[in-house]
Amino acid sequence: MSPKSLVFSLASLDLCCRQPLTDEWFNDFPVPDDGSWGVLKRELNENIYILEQSAIMTSTKIIVDLESSGFFERLNPAGRLQALRRMYHIADSIKHPKAWFPETWSQYVATNLVSVFAYPMGIGRERLVVNMMRAENKVFFCEVTSKDHPIELESYEPKIANYETAVASLKQAVEEISASLKKINKPVRDGVFDLSDVAYGAVSQGLTYTPWLSRLSEEQSSFVHAIPNRSQKLRGPAGTGKTLAMTMKAIHECYRAQESESEARILYITHSWGVADQVQSIFDQIDERGITRQIDVLPLLTLAQFRLDHKNVRVLGDDSHEGKEAQLKALANLLEKARKGDWNAYEATCSEAFANRVRTEPGTVEANRLLWDLMLEFACVISANGILPGFNADQRYKQIERRPWMMPLENDADKDFVFEIYTSFINELISHEEMTTDQVISDFLNHLATFRWYSERVKAGYDIIFVDEFHLFNEQERMVFHNLTKNPNKAPVIFMAMDPRQSPAETYAEFAAPGLILNGNGESDKALGTVDNIDLNVVYRYTPQILAFLKLLDRYFPTLDLGADWNISISTAVTDKADGSKPEISFLPSETQEIEKAISDAISLASDGRRVALLCLDSSSYSAYKAYLLDQNITRFENIESRDDVDPLRYKKRVIVLSQPHYVAGLQFDAVVIGGFRAKFRQYDANQAYGLRRFLSDFYLGASRAQDILHIFSSGNQADFPHVLQAARDEEIVVVK
């Protein structure tokens, strides 16, 4: 007889998600009898229970109705494990009074019912329906909907009988499984790549709030205990404990409000769901009173979409590799169409350098760089200045002062052609009912200027706002923060953590640094009122050799016009870690040989139990590495193509991460292998400052992910590399092979 329900605890579901579950597993849910998964299975009264030894009746339980809809049978077999992982995240959110999920999950809510996509769109369009039974600390997955099995969520009534039957036998299952596991000597689980090792666990080190208070540095302690009556910027390079100080400060304010019997609405803003999940996990580990779930931890884009209620518009480019590629593909098509049409009218008057870029054969590295530059120009120059196609819009665009970081445009004809492509791009978005992330933020700023928000602000606004990785928000996004506070007549209290050397992606709309956009007008800083700066200079992360290499890179950043706001330097940082090996740079004759050698090196480093990442410095190199791994059937690597891909790392055994630096920002690895290192910048070439700055910024971010070992691979010529790397070789900071 087929089971009616499947029951997990939150912990047992997590443990199962860590296993390499096959499609067949979802037929009868087998679990090893030796306890090697940390869980056991029991079948009672036509229900299946999979629980861990420490499960108790009051812990969060997940009940899945297998009978009414078949549930997993309706899901695409290729996506069942991903659906199970989403179920874990949904269940974990029951501790929070609000349910925030990534925008790509397409969340719908009707009273206690929530519906989200079961997996990414490329797998299928099936949706999970869950009854969030917060009062009972249980989540009931009651339905899978699809095109062939639609429901109206507002009028849908879950079949509660199977839920009640499963709950009735729960106590017996908990007791039997707990007793059985106590008799088993659980084997040591070896070789598990756990996200906590590279993210939040590395931050909290297993300690809670009180023990950490005595371990904070003087600067961290000053930040945590400061009276929240003015904004503060916590500045420091990677590894100085900014995230720890920010989370400790948020917990401190929660406790202070509790002790004074006052209310404190706190918002913790991130730039991606991956970081938001990490921060929430740190809160869960450090919080001793269980009250930090009152803090709203979510990306700025999600907050904007929630307030704007954009139900019928799809956001193009949602902090994912797929989203960025969608924008680039659209731009490539528009540019190719323009080449065959309007380009003839512009070509004769455009500068020779720009004309040569437009003439470049599609699909080449230079052509792809032009597409990246156009995406940046649209997001952080044109849209950021509030310019939309229309009367006199092109003249407003031409009046914007050009800065060194912007794409080189030497005359008005260059700008006219760029604006023509921009106009076509906007029209394309409108025809498909799509928006880019910067357009969402622009609409959100307009919403925050309405009387409606002004009247709602006292209830919906926040007393204290935390902004993590402040350097990754552009000027337009920063104008949002001070408008989210409760009282518009008081200076906002905003705590910001920033590292100017981790700004990889002015290439991306949401990753631009101040001094690099909007003529560096500084309006967002003015809106904050008086801001105290607290600098952290003790690095707990790197070996002296890696720190020396990062310091050398840092010394060269001022020559690239990063702006006056970036006056915090890693040059004064010190480390107390033991000596390690010097970073290595290897030059190979061809790209294929580079890829073979870099992959072999990453596998060798991981064989000793190290946590290893292989990071590519541009999208074309990443695609080449990924294609090679697929062609050679090498399965040790896990592709990370968005912030949302980070969390599944904790379910993977013995994997090596393959990604690009901006997708692993905030994570640390024992060893980092950097590939796709190209010699693009000759000493006397014109217009190289923009590309060089972007290259070194991304390179810095990738290198700063390494704690002990850093290996760099290139198929380029040593003579053509930026002077900063030649200096590293001459000063014997790196070993050149």
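Scalar couplings 3J(HN,Hα) for segment 221-231, obtained by applying the Karplus form with A = 6.51, B = -1.76, C = 1.60 to θ = phi - 60°, are 5, 4, 5, 5, 8, 4, 5, x, 10, 7, 6 Hz; x denotes Gly and Pro. A Förster radius of 51 Å combined with the Cβ-Cβ distance from ILE160 to GLU336 puts the calculated FRET efficiency at roughly 0.35.
Which shape class applies to segment 47-100: rounded if a/c is under 1.5, otherwise prolate when a/b exceeds b/c and oblate if not, where a ≥ b ≥ c are the square roots of the Cα gyration tensor eigenvalues? Cα axes put segment 47-100 in the oblate bin. Close amide H partners of PHE637, meaning residues 5 or more places away or on another chain with modelled amide H under 5 Å apart, are ILE656.
Extending 7 Å from Cα along the Cβ direction at SER2 and again at GLN726 yields two label points whose distance is 7.1 nm. Listed values for segment 293-299 are Karplus-derived 3J(HN,Hα) couplings in whole Hz (6.51 cos²θ - 1.76 cosθ + 1.60, θ = phi - 60°), namely 5, 6, 7, 7, 10, 6, x, and x replaces Gly and Pro.
Which of LYS182/LYS249; LYS61/LYS242; LYS340/LYS415; LYS61/LYS233; LYS242/LYS551 have a Cα-Cα distance over 30 Å? Spell out each step's value before the answer.
Values: LYS182/LYS249 39 Å; LYS61/LYS242 34 Å; LYS340/LYS415 19 Å; LYS61/LYS233 40 Å; LYS242/LYS551 18 Å.
In this structure, LYS182/LYS249; LYS61/LYS242; LYS61/LYS233 lie more than 30 Å apart at Cα.
Would segment 5-182 count as rounded, prolate or oblate if I go by the C-alpha gyration tensor, calling it rounded below 1.5 in a/c and otherwise prolate when a/b exceeds b/c, oblate otherwise? Here segment 5-182 falls in the prolate category. Applying 1/(1 + (r/R0)^6) with R0 = 60 Å to the Cβ-Cβ distance of ALA353 and ARG636 gives a FRET efficiency near 0.90. The shape of segment 315-432 comes out rounded: with a ≥ b ≥ c from the C-alpha gyration tensor, a/c is under 1.5.
Between segment 240-284 and segment 406-425, the alpha-carbon centres lie 43 Å apart.
Annotation: amide H-H contacts under 5 Å for GLN660 (H modelled 1.01 Å from N, sequence separation of 5 or more, or interchain): CYS616. Between the amide H of SER36 and any residue lying 5 or more places away or on another chain, no distance stays under 5 Å, with hydrogens modeled in the peptide plane. Rounded to the nearest whole Hz, the Karplus-based 3J(HN,Hα) values (6.51 cos²θ - 1.76 cosθ + 1.60, θ = phi - 60°) of segment 630-636 follow the sequence 5, 5, 8, 6, 8, 10, 6, with x at glycine and proline. In this simple spin-label approximation, THR210 and LYS626 carry label points 7 Å from Cα along the Cα→Cβ vector, and these lie 4.8 nm apart.
Take 119-125, 462-468 and order them by the average number of nearby Cβ atoms within 10 Å per residue, most first; the result is 462-468, 119-125. For segment 1-49, applying the loop criterion from DSSP together with a ceiling of 12 other beta carbons within 10 Å to the GluC sites (Glu not before Pro) yields GLU24.
Values in this text are rule-based calculations from the coordinates and carry no lab data. Please read these numbers as outputs of a predicted model, since none were measured by experiment. FYI the Cβ positions are ideal-geometry reconstructions off the backbone, even for glycines, and counts take in every protein chain you see.
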